[in-house]
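What follows is a single structure, written as structure tokens, with notes after it.
The values are calculated or read from the model by the stated rules, or taken from the named source; none is laboratory data. These numbers were taken from a predicted model, which means no experiment stands behind them. Every residue, glycine among them, receives a Cβ derived from its backbone with ideal geometry; neighbour counts consider all protein chains shown.
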Amino acid sequence: MVANTKRILDLAENRLVVDDVTTGYLDHPAVRNVNLQVASGEVVALLGANGAGKTTLIKAVVGLLSAWEGSIYLNGEKASSPTFKRVRAGIGWLPDTRSIFMGLSVEENLRLGRGDKELALETFPELKPLLKRRGGVLSGGQQQMLAVARVLASRPQIVLADELSVGLAPQIVDRLLEELWRASRRGAAVLLVEQFARIALDVADRSYVLRRGELVFDGSATELLSRDISDLYL
Ligand SMILES: Nc1ncnc2c1ncn2[C@@H]1O[C@H](COP(=O)(O)OP(=O)(O)O)[C@@H](O)[C@H]1O
Ligand SMILES: [Mg+2]
């Protein structure tokens, strides 16, 4: 199996560039020499089995882990600021835990976001009848919808969605992905992290597959859909 993982440092074209990054925990490198790019207007899927290193890579992009080797470039600039500044500068991060305030109402959650409440409700009108309800009593799907609504309402230039489909019904996953896709058509660079290829490849333009910390596939979503990918998931 030959990985075609090109090192491309085209900072003008790509909003997100992961340039030859190695990082991990203590002395264990969980991702090794990864090269990945996402341009404005693209949905890119980052796939791989549980433990492949997907979340670790996202943590490096948002600045929770520093790169041991290589660099991360956001909107053409080498990233060095702490996570909260990266988020303020236009990174919409949806972590693998649902990022809402469970004790606050839907309305309060939207008001506390960096984006406009009305824009959030325009994107997901499904939330309108739930405004007074506390986050903690919503269904999993409604919670994730709230999380995505908050992030998209801030009009992020880069969206990082880490396994947002976990445990949710296919219908709701389709709705969430539809809005992430729309954000990309408005110019956002969207990186969609998923363990299950089919979900992400339905909306992705391109895809990468991580296997045990290394990229083993880099190509179009169509190409990946047309082949047997079980070997990439070992
Ligand atoms: N906080 C941590 N401390 C030590 N090792 C970790 C930690 N988080 C993840 N790992 C290890 O790093 C590797 C990649 O994990 P992760 O990035 O979470 O994979 P994925 O998101 O693809 O499921 C795994 O071997 C995992 O056990
Ligand atoms: Mg993960």
Report task. Go over the candidates LEU146, LEU127, LEU177, LEU152 one by one and state the one that is more than 28 Å from LEU46 (Cα to Cα), away from ligand 2 (no atom under 16 Å from the Cβ) and buried (at least 16 other Cβ atoms within 10 Å of the Cβ). Result -> LEU127
Report task. Quick one: count up the residues across the stretch 191-216 that are crowded, with 21+ Cβ neighbours inside 10 Å and over 28 Å from ILE172 (Cβ atoms). Result -> 3
Query raised in the report: Any idea how many residues of the stretch 6-50 are within 14 Å of ligand 1 (Cβ to nearest atom), modelled with pLDDT under 95 and surrounded by fewer than 13 Cβ atoms within 10 Å (Cβ to Cβ)?
Result: 4
Report task. State whether the residues of the stretch 131-152 include one that is out of contact with any Ser or Thr (no Cβ under 9 Å at 6 or more places or on another chain) and free of Cβ contacts under 8 Å to residues at least 12 places away in the same chain. Result -> yes
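Okay, residues lined up against (1) in a strand (DSSP E or B); (2) modelled with pLDDT of 95 or more:
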position: ARG175; (1), (2): no, yes
position: TRP181; (1), (2): no, yes
position: LEU192; (1), (2): yes, yes
position: GLU223; (1), (2): no, no
Report task. Out of the residues in the stretch 26-42 that are in contact with a Gly (Cβ under 6 Å, 6 or more places away or on another chain) and over 22 Å from ALA189 (Cα atoms), state the one that is nearest to ligand 2 (Cβ to nearest atom). Result -> ALA30
Report summary line: Across the stretch 194-205, the tally of residues that are away from ligand 1 (no atom under 16 Å from the Cβ) and either closer than 19 Å to GLY115 by Cα or in a loop (DSSP other than H, G, I, E, B) (or both) stands at 4
Query raised in the report: Given the residues LYS78, LYS85, LYS59, which is the only one that is within 16 Å of ligand 1 (Cβ to nearest atom) and of a type in the set (Lys, Arg)?
Result: LYS59
Query raised in the report: Which residue out of ALA45, ALA52 is within 16 Å of ligand 2 (Cβ to nearest atom) and either on the phi > 0 side of the Ramachandran plot or part of a loop (DSSP other than H, G, I, E, B) (or both)?
Result: ALA52
Requested in this report: Report yes if some residue within the stretch 211-226 is within 16 Å of ligand 1 (Cβ to nearest atom) and under 18 Å from LEU94 (Cβ atoms); otherwise report no.
Outcome: no
Requested in this report: Scan the stretch 84-137 for residues that are under 22 Å from LYS59 (Cβ atoms) and of a type in the set (Gly, Ala, Ser) and jot them down.
Outcome: ALA89, GLY90, GLY92, SER99, GLY113
**Report entry** Among (1) away from ligand 2 (no atom under 13 Å from the Cβ); (2) within 19 Å of ASP162 (Cβ to Cβ) - the single one GLY70 does not satisfy
**Finding:** (2)
